[in-house]
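Written out below as C-alpha cells is the structure these notes cover.
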C-alpha cells in the first residue's frame, strides 16, 4: 500500500506541475485577447478574461516598463551576458497577434546567477514594448528562456528603422509563406540563435512579467542597450504575416512600483 500511495503522489505531483507550467507559460493561441485600447478584451481587461489571467490586472511586477535612466542603478558586477547557443531545428508559428520562431530541440542556454535557462523561442512586437526615457522604438524581439524548475528569463532586443536586420532577411521567405497561409506552423530547418545579433555588453536588468497573458511574474528581464536596426519593409512583413486586425501588438508600459532597475556597464580600464 505504501508503494501505491507513493506512486499516486508522484502522479498527482507531475500533473500539478504540468498544469502549473501550462498556466504560467505564454499562450500559443492569442486570439482570445487583443491590443485594442478600448476593446473588451484589450490590455486593460486581460485579467478579466480568465481567472488564471488575473495577474495581468492585479500583479505588481508587470512588464513592459519605461527604462528611465535617472532611476537606474549603474553596476559593474553582473557581467557580460553568458550565452551558450547552438543550432537546432525550428518552426514558425502565427499565434494570432505575433510571429513566433520556436526551436524544437535544444538550442542552448543562457546563464544568469548560476542558473541555466534553456532557449525556447523568439517572437516580435511592433512597436517596442519597453521604452527608454519614454521613447518607443520600432520593433522589439523577445528571446524566451526557461529553467528546469519552470523559471523564465527573457532577453529584449530593441530596433529602430535603418539598415536591414540580417536574421529577419534570412527568414524572410518563410515569413512571406505564412502571410498567405492562415493558422499554419511551418518547419524552417536548422536555425542558429547566434545569428540573432545581440550585443550584451551593456544592458538593463529587472524583475517583471510576461507581456502577454497569463502575465506570469518573477521573470528575469534583460534589455540589450544597443539599439539594432530594421527596415520598414521587414517590420511590415512581420505584421503582414499575422492575420489579425491590429496594426500593433505592444502592451502599454506598466507601473514600476518602486522596482529596482540595474544597468550593467563594464568598469573602464585604467
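The values are calculated or read from the model by the stated rules, or taken from the named source; none is laboratory data. Since the structure is predicted, the reported quantities are computational estimates derived from the model, not experimental observations. Here the Cβ is made from the backbone with ideal geometry for all residues, glycine too, and neighbour counts use every protein chain on show.
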Checking residue 175 against (1) modelled with pLDDT of 95 or more; (2) under 20 Å from the mean Cα position of the chain (by Cα); (3) within 15 Å of residue 238 (Cα to Cα), the condition it does not meet: (1)
Residue check, residue 153 in a strand (DSSP E or B) and within 20 Å of residue 204 (Cα to Cα): yes
Residue selected from segment 102-115 under the condition surrounded by fewer than 16 Cβ atoms within 10 Å (Cβ to Cβ) and in contact with a strand residue (DSSP E or B) (Cβ under 9 Å, 6 or more places away or on another chain), by the criterion farthest from residue 88 (Cα to Cα): 113
Subset of segment 60-86 (residues that are assigned to a loop (DSSP other than H, G, I, E, B), out of contact with any helix residue (DSSP H, G or I) (no Cβ under 8 Å at 6 or more places or on another chain) and surrounded by 16 or more Cβ atoms within 10 Å (Cβ to Cβ)): 61, 63, 64, 65, 72, 78, 81
Residue match in segment 39-53 (condition: exposed (fewer than 13 other Cβ atoms within 10 Å of the Cβ), assigned to a helix (DSSP H, G or I) and without any contact (Cβ under 8 Å) to a residue 60 or more places away in the chain): yes
Breaking point among (1) within 29 Å of residue 79 (Cα to Cα); (2) touching a strand residue (DSSP E or B) at 6+ places or on another chain (Cβ under 6 Å); (3) in contact (Cβ under 8 Å) with a residue 24 or more places away in the chain; (4) surrounded by fewer than 22 Cβ atoms within 10 Å (Cβ to Cβ), for residue 125: (4)
Which numbered condition residue 97 fails, given (1) under 21 Å from residue 231 (Cβ atoms); (2) crowded, with 20+ Cβ neighbours inside 10 Å; (3) modelled with pLDDT under 95: (1)
Checking residue 246 against (1) farther than 28 Å from residue 76 by Cβ; (2) modelled with pLDDT under 95; (3) in a loop (DSSP other than H, G, I, E, B); (4) in contact with a strand residue (DSSP E or B) (Cβ under 9 Å, 6 or more places away or on another chain), the condition it does not meet: (4)
Leading residue by the ranking (surrounded by the most Cβ atoms within 10 Å (Cβ to Cβ)) among those in segment 199-233 that are modelled with pLDDT under 95 and in contact with a strand residue (DSSP E or B) (Cβ under 8 Å, 6 or more places away or on another chain): 200
